[in-house]
Every structure is written in C-alpha cells, then in structure tokens.
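Working notes for the structure below.
The values are calculated or read from the model by the stated rules, or taken from the named source; none is laboratory data. As the structure is a computational prediction, the values presented were derived from the model and not from experiment. Cβ: placed from backbone, ideal geometry, glycine included. Neighbour counts: every protein chain shown. Note: accessible area is taken over every heavy atom of the protein model, side chains too, but ligands, DNA and RNA are not part of it. Shrake-Rupley method; radii C 1.70, N 1.55, O 1.52, S 1.80 Å.
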Amino acid sequence: MSNVVVVGTQWGDEGKGKVVDLLTERSDLVIRFQGGKNAGHTLVVGDKKVILHLIPSGILHKDKLCVIGSGLVIDPETLLEEIAALREKGYAVTTDTVAISDRAHVIMPYHKMIDHAREATQKIGTTGRGIGPAYEDKAHRTGIRMIDLVNPDLLRKKIDALFDEKQEYLTCILKVKAPDKEEMIEKFQAMGEKLRPFVTDTSVLVHRFISQGKNLLFEGAQGANLDMDHGTYPYVTSSNTIAGQACVGAGVGPTMIDSVLGICKAYTTRVGGGPFPTELGDEVGEKLRAFGGEYGATTGRPRRCGWLDLVGLRNSIRLSGISHLAITKLDVLSGFETIKVATAYRSGGSLIESMPADLEMYPGMEMVYDELPGWEENISSVRSFDELPAGCKAYISYIEENLGVKAAIVSVGPKREETIIREDLFG
Ligand code: IMP
C-alpha cells in the first residue's frame, strides 16, 4: 500500500493530468483535493483528446474510483457536462467510478458574476469561473454545499437566506443584474437531483480504501506559486495548492501520506497576471509557447513563458515536502542551442534565494542564470534515461543535483507511452 500526492511546482499547467493518468494505473482510488473548474487537463489517449476540469483523470481507466473531495468548489453544470461527455466517449461514469464529497462547495451563478465584474478593477486575470467568490462564501459560512444541492428544500432555504445580500451586492456595488432567484433554484434543484447518487461522505470512503491497504493517489490542481498562503499573493488562486492541502481537502491525516510527487515543467509558464521572474518577452519566449503549445486548457489564453526557475522550485519543494519530481515537456526543449536556468535573483546588489513576499521587489530583480548546452534530437521516442541525448541527461542531472530531489518520471511527449519511468512510487 502506498499513498502518493501529486502537486504542481510552478504556476500550474505543468502536465499533472498526464502524470496522474499514468500513476492511476497503479492506484485504486484517485482523489482531487482543491480548486475547481479553473483547472483543466488535456489528455491524449489513443486518438481521443479529453479535457477534464473536475473529474480526476483516473476516470479514463477501468475499475478506479475517482473522488471529488471536500476541498473543491464544484460547478454542477460543468460536472454534468463532463459526465455526459465521458459517457459519450464510452467511459463508465457510475457510482462505482465517481464519488463527490457531500461537503464540497457549489459554485453558484452569482459567484461567476462577481468574479467577472471584479476583474474589471482587480485584474488578477482569474479564469472567471467563480472560484474566488465561492471560496469566499465558504469562509464566510454562507456557501452552498453539495449536501444542500441534493436536498431541494434545504437548497431553497439556503438560497432564500442569502439571496437579498447577493442581489444588493451585485446590483448596487457591482452594477450587474442579479440572476432570477426562482429560475436559479429550480435549475440547481434539477442538477442536484441528477448528481445525488454520486454524493457521499468521501472521507469515510477514502479511509475504507486506506484500511483495505489500497493505493491512493491525491491529485492537486494549479501549482505552488498560486497557493493562497504561499504564492505570489494576491495573484494566486483562492485555495491552497501545496501538498498539505491533500489532507484537508480529502479528509485524511498527514500520517497517511507516503510520498509527494512534484510536477515540474522543463521550463516555466504562467497564465493570468502577477510576477514571473524568468518570463521571456522575446522570441525565445515565443518559441517556447509555439513548441510547447502553451495555451490554456480552460480559457485558451496564451501562457506567458520563460526559463526554469530554481528559486521557485526550491520554494515548492520546501512547502510541499516533495520527495520526487516528474519533469514534463522535456521534448519541447529539443532544438534550443542553449538552455538557461535561474539559480537566484539579484536585487540592489543582494542575492535573493527564496521568493520574496513583497511583490514590489519583483520588477527590479535580475535573474542569475546558468547556461547549459541544449540538444537537437527529437526525444519523444526515447523510453529510457540512458538513451537520451547527452545534453538532455545533463539537464536532468543538473536539476536533480541543484534541487536534491530525484526525477522519478520524465515526460517526453503528450501521449501516455511517451514517458520514462525511473522509479515506481507505488513500488
Ligand atoms: P482563479 O483560480 O480562477 O481565481 O484564478 C486565479 C489565478 O490562478 C489566475 O492567474 C489564473 O490564471 C490562475 N489559475 C487558476 N487555475 C489555473 C490552472 O489550472 N493553471 C494555471 N493557472 C491557473
């Protein structure tokens, strides 16, 4: 039995979906523990392309239980669409394969309206999916939970209690039209009806699997630098994205976790606003975007691109207690004459070796780069570390030595088989 947490080490979009999908083969249960529809995994299985926002990508495997934990904020409409799309593609979505926490929160239409309206002034560059406002209501204790959604009377009672305040905020402060209350209640009652069979106390379910000695995979979304406490606040998402949240959002204790796999793209990307120390506004950044197909799976926005940042990665390793790395999209770096890696930042003559909390410092910082030789070869057909070009092996070894963590997995292409597995985390 082994329990593995998978988290992003950068600003999200590191390729967690593919790695989770691969590790699912060795696990019995996969549980998402935070975030919501802001995340998006594009998976390529055979000729089929599947985009998932809420259901763990383990759903693409037979006989795996996929759990949506209490730490999520769920858009029921998206969830139902995802279920329908998966069924259409021939995947079994039943109560044997999907369970939803009765304590997870629901994203309501007014959350999305608030998110959109605030972007006009706040400019965080959110995904516009209502994530922040839904987590706000959770903390404010006015959130709607899945247990409310699936109980028509309870849902009506809860919405009745909060609606006037929402309406006033939307119309008087944000100057947008509030949703029609009755229409909203009826629509959500109907969706609750459809989702009811899947809703349960998932912490109990997860513990049942643990007591049976099964392998569990905890799937994070976004990345450490978007963590609400530890990221580049306020340019962060509204949940905790580091590994500790796996315990909170899945309902297990820290003693249940055996290893933490940090997913690290071979370079860095970010979508939305906020500091990005190694960002390249030149043709090298454009080349990374073009070669890496760096456009958001959720919003289609072009991602900002830059070199690997060891300062950020050291931060993530410390915050999440990362025991292993998965280096992804290494194939994208084929054809670069040299590859740069930021080892530290410099500001006003001083060396900075951890990410500053003060965002005012970022614009004036210079990057301290190491420059490594690149490689020409296409590496997507390589299946063992030894067969990789010398420059590529040196790049991986450089990362491992500088971070003190082994790269257990190296991804050399988007397909499942385009992967080098150097250590079995469930072994
Ligand atoms: P929100 O999560 O929609 O509130 O967006 C807050 C910030 O997190 C924005 O900069 C988003 O672009 C970013 N973000 C949220 N989810 C993801 C993701 O899955 N990948 C990358 N960035 C994300």
Among residues of region 260-289, those that are away from the ligand (no atom under 12 Å from the Cβ), open to solvent by 30 Å² or more (accessible area, probe 1.4 Å) and in contact (Cβ under 8 Å) with a residue 60 or more places away in the chain, counted: 0
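Could you identify the single residue in S203, S239 that is under 23 Å from the mean Cα position of the chain (by Cα), of a type in the set (G, A, S) and under 30 Å from P277 (Cα atoms)? Working first, answer last.
Numbers: S203 fails: under 30 Å from P277 (Cα atoms).
Testing whether each residue is under 23 Å from the mean Cα position of the chain (by Cα), of a type in the set (G, A, S) and under 30 Å from P277 (Cα atoms) leaves just S239.
Among the candidates A250, A326, A297, single out the residue that is touching a strand residue (DSSP E or B) at 6+ places or on another chain (Cβ under 6 Å) and not assigned by TED's automatic domain parsing to the domain that holds E360. Steps first, answer last, please.
Numbers: A326 fails: not assigned by TED's automatic domain parsing to the domain that holds E360; A297 fails: not assigned by TED's automatic domain parsing to the domain that holds E360.
Only one candidate passes the filter, namely A250.
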Looking only at region 1-41, and only at residues there that are in a helix (DSSP H, G or I) and basic (K, R), the one that is nearest to the ligand (Cβ to nearest atom): K16
Residue count, region 373-407 (criterion: in contact (Cβ under 8 Å) with a residue 24 or more places away in the chain, of a type outside the set (G, A, S) and either in a loop (DSSP other than H, G, I, E, B) or buried (at least 18 other Cβ atoms within 10 Å of the Cβ) (or both)): 14
Candidate set from region 224-257 (those that are of a type in the set (A, V, I, L, M) and touching an Asp or Glu at 6+ places or on another chain (Cβ under 9 Å)); member that is least open to solvent (accessible area, probe 1.4 Å): A246
So L313, is it buried (at least 22 other Cβ atoms within 10 Å of the Cβ) and under 18 Å from the mean Cα position of the chain (by Cα): yes
Conditions (1) within 16 Å of the ligand (Cβ to nearest atom); (2) touching a strand residue (DSSP E or B) at 6+ places or on another chain (Cβ under 8 Å); (3) assigned to a helix (DSSP H, G or I); number of the one not met by V73: (3)
Residue match in region 290-298 (condition: surrounded by fewer than 18 Cβ atoms within 10 Å (Cβ to Cβ), closer than 26 Å to E418 by Cα and away from the ligand (no atom under 16 Å from the Cβ)): yes
Residue list for region 160-202, restricted to those being of a type in the set (S, T, Y), surrounded by 14 or more Cβ atoms within 10 Å (Cβ to Cβ) and closer than 23 Å to H140 by Cβ: Y169
Pair list, Cβ < 8 Å and 6+ apart or interchain, from region 347-368 residues that are in the same structural domain as L310 (by TED's automatic domain parsing) and more than 25 Å from N402 (Cα to Cα) to residues that are crowded, with 16+ Cβ neighbours inside 10 Å and of a type in the set (V, I, T): L359/T232
Residues satisfying the stated conditions in region 42-87, i.e. open to solvent by less than 10 Å² (accessible area, probe 1.4 Å) and of a type in the set (G, A, S): S57, G58, G69, G71
Lone unmet requirement of (1) in contact (Cβ under 8 Å) with a residue 12 or more places away in the chain; (2) of a type in the set (A, V, I, L, M, F, W, C); (3) away from the ligand (no atom under 16 Å from the Cβ) for C305: (3)
Filter result (within 12 Å of the ligand (Cβ to nearest atom) and of a type in the set (S, T, N, Q)) within region 208-228: Q222, N225
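Can you name the residue in region 116-146 that is assigned to a loop (DSSP other than H, G, I, E, B) and either small (G, A, S) or surrounded by fewer than 21 Cβ atoms within 10 Å (Cβ to Cβ) (or both) and, of all such residues, is farthest from the ligand (Cβ to nearest atom)?
Pass one, region 116-146, residues assigned to a loop (DSSP other than H, G, I, E, B): 123-130, 141-144.
From what is left, the residues that are either small (G, A, S) or surrounded by fewer than 21 Cβ atoms within 10 Å (Cβ to Cβ) (or both) are 123-125, 128, 130, 141-143.
On the way: K123: 10, I124: 5, G125: 4, G128: 7, G130: 8, R141: 20, T142: 18, G143: 16 Å.
Among those that are assigned to a loop (DSSP other than H, G, I, E, B) and either small (G, A, S) or surrounded by fewer than 21 Cβ atoms within 10 Å (Cβ to Cβ) (or both), it is R141.
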